[in-house]
Structure formats: C-alpha cells, structure tokens
Amino acid sequence: MIMQPIDVSWLCGKYGEEHYAFIYLRTTPEEAVARLGGRYANFVDAAPLPEEPDDWPHPGDPLGVASVGDWTIICDSDWLGTNEELITRLSEGTRLVSHFALGIKDTDDFYWCENGEIKYLYGGDDAFIMDPPAELAGVMEEIDKLYPSIPRLYRGPAFLLIEHLTGIRPTEELLRGLTFKWGTLPH
C-alpha cells in the first residue's frame, strides 16, 4: 500500500486554537448512541460540521453522529474519546479509533481499540506512546517516510492511521460533506 498525505491544513489552520475530536466506531449510528447511553430518536437537527471553529461543539454541547459505510463517525464535544474506560467499553465486539487534538497546546490523543482492548495509544494523560503493534508495522514505515520529522499526529499521521484502520479517508471534503445528527447524552 502506498499512502498519500491528507491535507489537514483546514483543521490545523483556523481550527488550530480549538480542539476537535472524532471517534470512528464500526457500528450503526443508532447502536453507537445506545452504547453511549443515549437515545438516537432524540438526535435531531441534521446538519454538517460548523464552518467556523467558534461554532464547533464545546464540552456539554450536543455531539454529532454520521454514517460512512459500516462505520459511525462521532464528532465528540466532551473529550469522550480520551476516556479509556468509555472507549474500551464502546469497542466491545467491534473496532474503535479515536483521535482528539488540542492545537493550542500542540497535543493529541490517538486510540485504536479492538473488542474492549487498547491496541495502540499515542498521547493520553501522560503523553504516553505505545510501541506500535505488528499490525501497524507497515503503515508506520510508510508514515515515517511521508513525515520524517515526526510531527504531532494531528498534523497528518493520525489521518493516515485512521484510513488504514477504518478504510475511511478523513478528508475535508468527506467530513464537511457528511450530515451529522446532533444530540445530547445523559451524564
């Protein structure tokens, strides 16, 4: 597989001082919301991602869910994708990939979970980086060739890992072209 970089300047540029988080869960949106403890019927206001970073969801705001093939993309407004207990539970019986970035602090968290187990972690509370498992050896070599200076994952490599692990190429066109249903979860 020959990987091609993804233009993430739209997220690193005007969104650079904000945070964004996406959780990719191999299940339906209905099941994803149920796993989070919510009711999909209460998710309304189908709309794309907001154009302006100031309008993106903040903690406590509704989160968005959209379907791409067999996957649900969750636009996370409340740092859910960094809660290890939650994401391992969400991944039971399926695959989960979560990426959170806080550009202003130049930090990000990346999780790959499989059937309730964290397979790969970059970041986290202790800025921990796991050695990539054997399943990622080839893709990590490709990423190292494309990004020899080892930038933060949110500057490009995370999106190539997402593509490899989900089959979804998370481009600006794809993410902006999705219609998300927005709703809140019980605390």
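Taking into account only those residues within segment 100-119 that are assigned to a strand (DSSP E or B) and modelled with pLDDT under 90, which is nearest to the chain's Cα centre (by Cα)? That would be 100. Residue 54 satisfies every condition listed in (1) closer than 30 Å to residue 135 by Cβ; (2) modelled with pLDDT under 85 except (1).
Kindly indicate whether any position in segment 122-140 is modelled with pLDDT of 95 or more, surrounded by fewer than 18 Cβ atoms within 10 Å (Cβ to Cβ) and under 23 Å from residue 26 (Cα atoms). No, segment 122-140 contains no residue that is modelled with pLDDT of 95 or more, surrounded by fewer than 18 Cβ atoms within 10 Å (Cβ to Cβ) and under 23 Å from residue 26 (Cα atoms).
Select from segment 139-162 the residues that are touching a residue at least 60 places away in the same chain (Cβ under 8 Å) and out of contact with any helix residue (DSSP H, G or I) (no Cβ under 9 Å at 6 or more places or on another chain) and list them in ascending order. The answer is 162, and nothing else. Looking across segment 34-51 at every residue that is at pLDDT below 85 and more than 19 Å from the chain's Cα centre (by Cα), the one that is surrounded by the fewest Cβ atoms within 10 Å (Cβ to Cβ) is identified as 45.
The values are calculated or read from the model by the stated rules, or taken from the named source; none is laboratory data. What you are looking at is a predicted structure, and each value in this text was computed from that prediction instead of being measured. Backbone-built Cβ (ideal geometry, glycine too); neighbour counts: all protein chains shown.
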